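Just below is one structure, and these are the notes that go with it.
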Amino acid sequence: MTPALSLGSLFAVVLVATLVLGRPMIAFMQRRSVRQRAYEDAPKTHAVKTGTPTMGGVLFALALLLGYVWHPDRAAAAIAFAGLGCGAIGAVDDLVSIRKGRNRGLRARTKLLATVFVAVGFIALVQGALEPAARDSIFTVAGVALRVPYWVWYALSLAAFVATTHAVNLTDGLDGLAAGAILPPLAVFAWLGWRIGAVGVTYVDVAVAAGTIGFLAYNRHPARVIMGDTGALALGGILAAGAVVTGTHLLLPLVGGVFAAEALSVILQVTSFKLTRKRIFRMSPLHHHFELGGWPETTVTTRFWAASALLSLAGLAIVR
């Protein structure tokens, strides 16, 4: 089987499996009362989301495992570890929220520390599986590699992993927003993995993209299921892991610009309020700012998807 045919088969299998399993999974979540509670601080229009089945991100675990089985190399194993590890943290967070009956799960510092541990484990696994790009260079453009000492590579890998994971999680606030916005960056890193010979990245990212498209069939507005932190943290970990393996850490803020903007809006809002008691945005993360400005939820979502696609194309233009 040619590589292209193998990737196509993987995409089709994961997509069909996600579509087939989505309906019974939602029914199971409903029976078990695994339901979302709208954020108390979110716009009032979000109250209708309370009661929607959550933790739908468990479907991404299937995609990860199939991607690894299709091409079981060390890079694929490391990315699967990153996604499953972050997804497990998110699952605990979701279960705590459900048990409390309000959208307050693990403490932020607890989730942060847990993702640091996953990041350290991922970096330990991925060493030695890296293609030319990573430990001696972290970014290549127009054939020129920026070379750095190992400790700089390690620190940047750790920072990129933790920051991206939580940025994607912050973005998951509207129906289909995080799932749709993650697809163009996944495509970029899948292509980069193929280009430099880190084929495990390509297989895993193609599988996760297929699973995400299948999940969107149930997650688009009005969502029948929400990915929860189970899915959002997993997707963030997978995206960051692909950048580390391909040695393109510095590409993440551009290709993942939607997620970076969402995280930055929270940082600016909190800092401004603490220092001046004034808010920069109507509400953060950024998608809520536009909601309160009068944009319908579907408009915010589709425009953020478009922004993600454009930023990913810009990233491709830089590294091609």
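The values are calculated or read from the model by the stated rules, or taken from the named source; none is laboratory data. As the structure is a prediction and not an experimental result, all values here were calculated from the model. All Cβ positions, even for glycine, are placed from backbone atoms using ideal geometry, and neighbour counts span all protein chains on display. Note: areas computed on protein heavy atoms with side chains; ligands, DNA, RNA excluded. Shrake-Rupley method; radii C 1.70, N 1.55, O 1.52, S 1.80 Å.
Would you mind pulling out the separation of the Cα centroids of segment 230-266 and segment 39-86, in Å?
So the separation of the two Cα centres works out to 14 Å.
Just the number, please: carbon plus sulfur as a percent of the accessible area of the chain, 1.4 Å probe, no ligands or DNA/RNA counted.
Details: 9390 of 14100 Å².
Answer for the chain: carbon and sulfur cover 67 percent of the accessible area.
Probe of 1.4 angstrom, ligands and nucleic acids ignored: what's the accessible area per residue over segment 207-248, in square angstrom? Present the calculation step by step, with values, prior to reporting the outcome.
Details: 690 Å² over 42 residues.
About 16 Å² of surface per residue is accessible.
Per-residue HN-Hα couplings for segment 148-160, Karplus 6.51 cos²θ - 1.76 cosθ + 1.60 at θ = phi - 60°, whole Hz, x for Gly and Pro?
9, x, 4, 5, 5, 4, 4, 4, 5, 4, 5, 5, 4
With all protein chains present, calculate the accessible area of Thr45 using a 1.4 Å probe and round the result to the nearest 10 Å².
Probe radius 1.4 Å; accessible area of Thr45 about 100 Å².
Quick check: convex hull of the Cα atoms in the chain, volume per residue, rounded to a whole Å³? Mind dumping the intermediate values first?
On the way: hull volume 40.5 nm³, N = 320.
Dividing the Cα hull volume of the chain by its residue count gives 126 Å³.
Normalised by the residues of segment 247-319, what does the relative contact order come to in percent, with Cα pairs under 8 Å and at least six apart? Can you show the working numbers first?
Values: 54 pairs, mean separation 28.3, N = 73.
Across segment 247-319, relative contact order equals 39 percent.
Taking the chain as a Gaussian network, where each spring joins two C-alpha atoms under 10 Å apart, which residue of Leu170, Leu62, Leu292 fluctuates the most?
Comparing Leu170, Leu62, Leu292 in the GNM, the peak value goes to Leu292.
At 7 Å along the Cα-to-beta-carbon direction for both Ala217 and Thr271, put a label point, then send me their distance in nm to one decimal.
Once both label points are built, they end up 4.4 nm from each other.
Step through the residues of segment 228-239 one at a time and calculate ³J(HN,Hα) from phi using the Karplus curve (6.51 cos²θ - 1.76 cosθ + 1.60, θ = phi - 60°), rounding each to whole Hz and writing x for Gly and Pro.
Computed from phi, the couplings for segment 228-239 are x, 5, 3, x, 5, 5, 4, 4, x, x, 5, 4 Hz.
Roughly how many Å is it from the Cα centre of segment 268-304 to that of segment 143-220, as a whole number?
The two parts, judged by their Cα centres, are 24 Å apart.
Taking H as built 1.01 Å from N, whose amide H comes closer than 5 Å to the amide H of Arg35, not counting residues under 5 places away?
Correct list: Thr54.
In deg cm²/dmol and to the nearest 500, what is the mean residue ellipticity at 222 nm of the chain if only DSSP H runs of at least 4 residues count, each as -39500 (n - 2.57), divided by the residue total?
On the way: 12 runs with 223 residues, N = 320.
Only helices count here, giving -23500 deg cm²/dmol.
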